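Below: one structure, written as C-alpha cells.
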Amino acid sequence: MSASVYLTCRGKSEVYEMEQMSLFDDRGQSAPLATRLRPDSLEDFAGQEHLLGKGKILRQLIEKDQISSMIFWGPPGVGKTTLASIIAGRTRAQFINFSAVTSGIKEIREVMNQAELARRMGQRTVLFVDEIHRFNKAQQDAFLPFVEKGSIILIGATTENPSFEVNSALLSRCKVFVLRALEVKDLLKLLNHALESPKGFGNQHVKITREQLTAIAEFANGDARTALNTLEMAVLNGEISPEGIQVTDQGLEQCVSRRSLLYDKTGEEHYNLISALHKSMRNSDPDAAVYWMCRMLEGGEDPLYIARRLIRFASEDIGMADSHALPLAVSVYQACHFLGMPECNVHLTHAVVYLSMAPKSNALYRACEAGKADVKNKKAEPVPLVLRNAPTKLMKELDYGKGYEYAHNTEEKLTHMQCMPDSLKDRVYYQPTTQGEEGKVKERLEAIKAWKKKEKL
C-alpha cells in the first residue's frame, strides 16, 4: 500500500503542512522503548481481542478502510493512540492528528475548513483527537456540523467516561469502543517481543528471568507503556558484563517499588471506587470495604472526602438502627482533619469497619426521599393555623395558634393534634425497621399511633 498523506497540526501560530511521514515519527534508538516498539499493524497489536480478533467489528472496519466516527475509551497504555496510528497507515483518507491540550476554537475551525475543501474535491479526512475529554463544550460543538455533513471522520481517544465528558450530540454520532486493561499474558508477550526485537533489546543480550518479567507485568497494572518503561529502566540499571546485561532482583525491586494506580480524583474511577466502598459497607463486608478505602488513599484521594462520605453513609444506610454510627463518623472526620495522611488511615479503617458491621436501615433515607417527592409534586399548602405562633394581637384575632395543645402538659406527653396539612394527614414517610436499635423505635412509634387512634374513637 502506498504511503498515506497526513495533515499534521503543528501549533497555534504555525501553518498546517502536508507530510509524507509517520504520525509518530521519532522511532530512533534515542526514543523511549514504548515509542520504538509501537506496532504498525493489527497483527503486532497486543490485547483487545474483543475488538480486534479475527472477524471482530473494529478489525473489519480498519481492514476494509470503512471507518466511521468513533471514540476509543480506556485506561492509559492500552493502545488508543496506537490504533489511531495503525488506521493512519491503512486509510486512503487525509489523516489529521489534533491535540486537545494545545489547540483552541481557532485551530479547530482552520482544520475544519481544510477538511471541507478536501471533501469538495472528493477526499476523505480522518481527524484524530487525543484526550478529547479536555475539549470544552464550545470546542466540541465546533466539530459537530462537520461530523454531521461528513466533512470529517472523527476518532477521539479518552481515559474518561465519554457519557460525562463528550457532548451528547457529538457522542450520538460516534461509535464508542471500550478498550480494556491488558492482561498479564498480553504484557508478557509484549515484554518478550521487546527483548527479541532489534527495535528493542534484541542486539544487547539481556538476561532476565520469567519471574522478573512476570513481576514487571503485574506491576504495570494493565498498562503497556508502564510495562515497557519499567523493563527499559531495569535493563539500563542492570549489571553489564562481556556476556551481556543481567537484570538483578535488587535493581528490579527499585523499579517496581511503587505501583501507579489508575485513579483520577475528578474522573469516572473516582466514582467507581467510592461506589465500591459504599456498597461493600452496605453489604456488611468489612474486608472489601477496607480494600476499596485503601485503593482510594493509595491513589491520592483526600481522606476528608472519604470521611464525608462515611458521615453520609452513617445516616443513609444505618440511621436509627445504630445512632452511634453518626457521631463516630463525625469524630473520624475530625481526626482526619487534625492528623492528615498517613496517620489518619487507621481512623478511617475504624469507621469503615464499624459502619460495615453496624445493623443496617435505610428508613431515614426513604423517609427523606418520600417527603421530598411530596414537596416537589404536591401543592404547597399553608401551615395549619393550630401550628402557627401568634406574637401579635392581629395574629390572635386571625386564630393563629388557636387549639394548640402543649404535649408537655399531658401525662403521656402526647396529643391528638393534627400536624400535617389536610391533604397529607394520612401520609407516612418514616417506616422503621426491626434492625438493631431501630426495633425499639418501631415499637415506640406503633405505641404512639395506637394511642392516637384510641383517642380519636
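Evaluated against (1) modelled with pLDDT of 85 or more; (2) under 22 Å from SER163 (Cβ atoms); (3) assigned to a helix (DSSP H, G or I); (4) not aliphatic (A, V, I, L, M), PHE143 falls short on exactly one condition, (1). Candidates in segment 408-444 are the residues that are over 16 Å from PRO384 (Cβ atoms) and among the aliphatic types (A, V, I, L, M); of these, the one that is farthest from the chain's Cα centre (by Cα) is LEU414.
Residue pairs whose Cβ atoms lie under 6 Å apart, sitting 6 or more positions apart in sequence or on different chains, and linking a residue in segment 392-415 that is at pLDDT 85 or above to a partner that is open to solvent by 90 Å² or more (accessible area, probe 1.4 Å), are ALA407/LYS413. List the pairs whose first member sits in segment 52-79 and is farther than 22 Å from PRO162 by Cβ, whose second member is in a loop (DSSP other than H, G, I, E, B) and among the hydroxyl-bearing types (Ser, Thr, Tyr), and whose Cβ atoms are under 9 Å apart, counting only residues at least 6 apart or on separate chains? Within 9 Å, the pairs are ASP65/THR91.
Residues that are closer than 14 Å to GLN212 by Cβ, without any contact (Cβ under 8 Å) to a residue 40 or more places away in the chain and open to solvent by 20 Å² or more (accessible area, probe 1.4 Å) within segment 226-245 comprise MET233, ASN237, GLU239, listed in sequence order. Among the helices (runs of 4 or more DSSP H) confined to segment 45-106, the ones with at least 1 residues that are basic (Lys, Arg) and open to solvent by 50 Å² or more (accessible area, probe 1.4 Å) are located at 80-90.
Per-residue answers, yes or no, for (1) in contact with a Lys or Arg (Cβ under 6 Å, 6 or more places away or on another chain); (2) assigned to a loop (DSSP other than H, G, I, E, B); (3) at pLDDT below 80:
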site	(1), (2), (3)
GLU218	no, no, no
GLY222	no, yes, no
ARG225	no, no, no
LEU228	no, no, no
VAL235	no, no, no
ILE245	no, no, no
LEU252	no, no, no
LYS265	no, yes, yes
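Within segment 153-173, can one find any residue that is touching a residue at least 24 places away in the same chain (Cβ under 8 Å) and over 23 Å from the mean Cα position of the chain (by Cα)? There is at least one residue in segment 153-173 that is touching a residue at least 24 places away in the same chain (Cβ under 8 Å) and over 23 Å from the mean Cα position of the chain (by Cα). Between LYS425, LYS442, LYS454, the distinction of being more than 18 Å from GLY371 (Cβ to Cβ), surrounded by fewer than 11 Cβ atoms within 10 Å (Cβ to Cβ) and not β-branched (Val, Ile, Thr) belongs to LYS454 only. If the condition is being of a type in the set (Lys, Arg) and touching a Lys or Arg at 6+ places or on another chain (Cβ under 9 Å), then segment 190-216 contributes only LYS199.
For segment 47-71, the set of residues classified as in contact with a Gly (Cβ under 7 Å, 6 or more places away or on another chain) and among the hydrophobic types (A, V, I, L, M, F, W, C) consists of ILE71 only.
Under the condition of being in a helix (DSSP H, G or I) and open to solvent by less than 50 Å² (accessible area, probe 1.4 Å), the residues counted in segment 146-173 number 6.
Can you tell me which residue is least open to solvent (accessible area, probe 1.4 Å) among those in segment 174-197 that are of a type outside the set (A, V, I, L, M) and either free of Cβ contacts under 8 Å to residues at least 24 places away in the same chain or part of a helix (DSSP H, G or I) (or both)? The residue in question is ASP186.
The values are calculated or read from the model by the stated rules, or taken from the named source; none is laboratory data. As the structure is a prediction and not an experimental result, all values here were calculated from the model. When we count neighbours, we look across all protein chains shown, and the Cβ atoms used for this are built from the backbone with ideal geometry, even at glycine. Areas reflect the complete protein model, heavy atoms only, side chains present, ligands, DNA and RNA absent. Shrake-Rupley method; radii C 1.70, N 1.55, O 1.52, S 1.80 Å.
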